[in-house]
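> Sending over a structure as structure tokens; questions will come in a sec.
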Amino acid sequence: MSREINVTYRVTRAVPAAQQATWRALAAEFTAEVPDPEKVEVVITDEYDKVAGEYAVQEPDRMNSSMTAEQYRADRVDGARAVAKTCALADGQAVVVVGSALLAEGMRTAQHCLLHEAQHVRLHQHGDGAFAVHRRVPFALADQEITWECLWLAETVLDEYRCERTVHERGWTDPANMVGPGDVAGVVATFRSARMRWDVTGDRMRAFNDAFASLDRMAKILAYGAAGVVAGVIPAAAWAKAPVTGRLLDLLEDVPGTDVVVPREELVAVAGEVAKRLHQILREMGFNFFYPPGGGKYFEPV
Ligand SMILES: [Zn+2]
């Protein structure tokens, strides 16, 4: 049995030999990071949205189970674009979709991004990914001041934080690939636009989708930022310059990277606390969302 990850190309234009050699070198580093490399396929593609969407809908645990493959978009609300996505499939299998344009950003960036994805695979194969962990332990929402929407986001925060923390701890940090206060400010601006759009149109569904797209992005940036601060690659004082940046720090700082297997009960407990903070941030950004006692969901601009 091969002890290497599988690398395949889904490209409309042939990949030059030199680039293939670079991908092979990166794949070898990736292989060294994961417990079960033979269950991993890295798909390099120049049709990232399409291919990432195809695999995203195969994941057994999804935040939005009605999303179709065609609806997947790499574009984020603040103009950022995803370049890689790990799709966690059944039985420890994983497909990592990587945009072939990543190499153009330089070897350091490619290494940072790819080895970050390798940590997602690691969590998945160790069985201690936080994403959907509430489905794997006894968990009731009733006694929490949170919603499922924010809990799913909180779980992604934990995974992103642990993966990125490990990247820094291993010395794979690409200084050009770091978040800063400006990224937080960029997302705050998208909340403001969503709020102004609501004031003009009164379109509640649109406002809900906009606000949650912004919260999703904010959650990830705060996770990356916390990982950088805790690992000492982002100066805490610089990070503190933007609003809300420190909000998750105290909850995350004691959560280890991917080397330590964290019990699911612990993960779900921290995720619940992170979810409460995300609700607070959403309120501060001008929106209120909760499940009223009588049932249903309530979303309104504050
Ligand atoms: Zn990630």
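> Between Arg197 and Gln280, 0.36 nm times their residue separation minus their Cα-Cα distance comes to what?
Taking Arg197 through Gln280 to full extension adds about 27.8 nm, to one decimal.
> Suppose R0 equals 51 Å. What FRET efficiency, 1/(1 + (r/R0)^6) with r the Cβ-Cβ distance, do Trp148 and Ala104 give to the nearest 0.05?
On the way: r = 39 Å, r/R0 = 0.76.
Result of the calculation: an efficiency of 0.85.
> Which value at 222 nm does the chain reach when only helices count, each DSSP H run of 4 or more adding -39,500 (n - 2.57), with the total divided by all residues and rounded to the nearest 500 deg cm²/dmol? Don't skip to the answer; put the middle values down first.
Details: 9 runs with 145 residues, N = 302.
One gets -16000 deg cm²/dmol as the mean residue ellipticity at 222 nm.
> Next question, about the same structure. For Lys297, which lysines qualify as cross-link partners when the Cα separation must be under 27 Å and same-chain residues fewer than eight apart are set aside?
Cross-link targets: Lys220, Lys276.
> Here's a follow-up. Please rank Glu145, Glu160, Glu54, fewest neighbouring Cβ atoms within 10 Å first, as an exposure proxy.
Glu145, Glu54, Glu160
> Tell me, what is the Rg over Rh of the stretch 1-127, with Rh the Kirkwood radius over Cα pairs?
0.95
> For helix 107-126, report the angle its Cα long axis makes with the longest principal axis of the Cα atoms of the chain; keep it between 0 and 90° and round to the nearest 10°.
Tilt of helix 107-126: around 70 degrees.
> For the chain, set up a GNM with springs between Cα atoms under 10 Å and report which of Asp61, Asp210, Asp250 has the largest fluctuation.
So, out of Asp61, Asp210, Asp250, the one fluctuating most is Asp250.
> Setting aside same-chain residues fewer than 8 positions from Lys50, which aspartates and glutamates have a Cα under 14 Å from its Cα?
In chain and number order, the partners are Glu70, Asp75.
> Run the numbers on the chain and let me know its relative contact order in percent, using alpha-carbon pairs under 8 Å that are six or more apart.
The normalised contact order for the chain reaches 17 percent.
> Convex hull over the Cα atoms of the chain, averaged projected area in nm²?
Result: a mean projected hull area of 16.0 nm².
> Would you please calculate the Kirkwood hydrodynamic radius of the stretch 207-278 over all C-alpha pairs and express it in Å, rounded to one decimal?
Values: mean 1/r = 0.0754 Å⁻¹.
Result for the stretch 207-278 stands at 13.3 Å.
> Over the alpha carbons of the stretch 140-231, what is the largest minus smallest coordinate on each principal axis, giving the biggest first in Å?
Computed over the stretch 140-231, the largest-to-smallest principal extents equal 48, 36, 14 Å.
> What net charge is computed for the residues neighbouring Glu38, neighbours being all others with C-beta under 15 Å from the C-beta of Glu38, Lys and Arg scored +1, Asp and Glu -1?
Details: positive: Arg3, Lys39, Arg122; negative: Glu4, Glu33, Asp36, Glu41, Asp91.
Residues near Glu38 contribute -2 overall.
> Starting from the Kirkwood Rh over alpha-carbon pairs, what translational D in µm² s⁻¹ does the stretch 174-302 have by Stokes-Einstein at 10 °C and 1.306 mPa s?
Estimated via Stokes-Einstein, D reaches 99 µm²/s.
> If you average the alpha carbon positions of the stretch 143-215 and of the stretch 33-111, how far apart do those two centres end up, in angstrom?
The stretch 143-215 and the stretch 33-111 have Cα centres separated by 18 Å.
> How much length, in nm to one decimal, is gained on full extension between Asn209 and Gln58, taken as 0.36 nm per residue of separation minus their Cα-Cα distance? Mind showing how you got there, number by number?
Values: separation 151, 0.36 × 151 = 54.36 nm, distance 2.31 nm.
Result: 52.1 nm gained on full extension.
> Rounded to the nearest 0.05, what FRET efficiency do Ala14 and Glu70 have when you use their Cβ-Cβ distance and R0 = 45 Å?
According to the calculation, E is roughly 0.95.
> List Tyr72, Tyr161, Tyr9 from most exposed to least, where exposure is judged by having the fewest other Cβ atoms within 10 Å.
Neighbour counts put them in this order, fewest first: Tyr9, Tyr72, Tyr161.
> Exposure proxy check: Asp203, Asp49 ranked by fewest other beta carbons within 10 Å?
Arranged by neighbour count, lowest to highest, Asp203, Asp49 become Asp203, Asp49.
> Shifting gears a bit: Express in nm, to one decimal, how much length is gained between Glu265 and Arg24 on full extension, taking 0.36 nm for each residue of separation and deducting their alpha carbon distance. Let's see the in-between values first.
Working: separation 241, 0.36 × 241 = 86.76 nm, distance 3.79 nm.
In short, 83.0 nm is gained.
Just so you know, all these numbers are worked out from the coordinates, no wet-lab data involved. Just so it is clear, the structure is predicted and the values come from calculations on it, not from any experiment. A quick note on method: Cβ atoms are made from the backbone with ideal geometry, for glycine too, and the neighbour counts reach across all protein chains shown.
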